[in-house]
Every structure is written in structure tokens, then in C-alpha cells.
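Step one of this worksheet: look at the structure below.
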Amino acid sequence: MNLKVLICALLALTFFGLAVAADKNVTDDSIYDNVRRKLASDPIVKGGALQVDVKQGSVTLTGTVDEQKQKDRATKLAKKVSGVKSVTNELKVVQREVKK
């Protein structure tokens with residue numbers, strides 16, 4: 001019984017080590033690509049026009065969105081990308097005028 005517990009613990013530590021090592025190998029370029037992809041494909045954010053800057057895993061979002069929920073969602077999406085250490089959201093909420 002104790003041998004099974006020891007083997008399970010060693011396997012868990014091994015997988016944890018692999019996960020930590022995988023995060024360290026993520027480059028700023030791959031983070032940039034993945035954040036841009038998530039923002040552009042999200043139906044709420046519609047982030048094709050947003051700017052993304054990545055430096056040592058820290059993401060900065062700039063540009064404009066129509067609603068606060070888009071700004072909040074952009075932060076949430078960027079934080080989920082592997083390798084992202086922090087997100088600074090400098091998006092401005094600018095409501096567009098409705099033409100009559």
C-alpha cells in the first residue's frame with residue numbers, strides 16, 4: 001500500500017515539474033500570437049483591431065472597445081494564455097455614435 005502511495009506521489013511531482021518546465025519555454029512571440037488569436041476569435045471582444053504587446057510574459061492591451069464587458073473579457077482571455085504572467089489592460093471604452 002505504501003509503495004502505491006509513493007509511486008503516485010512521484011508521478012504527481014513529475015507531472016508538476018513538466019508543467020512548470022513547459023511554461024518556462026513559452027516565448028513572447030507565441031504568447032503574442034495566442035493572445036491575438038483568442039481576442040480576434042472571441043464573439044464578445046471581436047478583437048481584431050486591438051493592440052497586444054508582450055514583454056517577458058507581461059501582456060499589455062491597448063486600443064478601443066465599444067463596451068466595458070469587452071474590456072473585461074479581453075483581460076480574462078489574455079490571462080488564460082499559457083505563459084502569461086500579468087495583463088495590463090489599457091483599453092478605452094468609447095461608445096460609437098449611432099447614425100440616424
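Quick check: anything in the range 12-23 out of contact with any Ser or Thr (no Cβ under 6 Å at 6 or more places or on another chain) and at pLDDT 90 or above? No: zero hits.
Do you know which of the residues in the range 49-100 that are small (Gly, Ala, Ser) and surrounded by 12 or more Cβ atoms within 10 Å (Cβ to Cβ) is farthest from VAL26 (Cα to Cα)? My answer is GLY63. Do we find that ASP72 is over 19 Å from LYS92 (Cα atoms), without any contact (Cβ under 8 Å) to a residue 24 or more places away in the chain and of a type in the set (Asp, Glu) in this structure? No.
The values are calculated or read from the model by the stated rules, or taken from the named source; none is laboratory data. In this text, all values refer to a predicted model and were calculated from it rather than measured experimentally. Every residue, glycine as well, gets a Cβ built from its backbone with ideal geometry; the counts of neighbours run over all protein chains shown.
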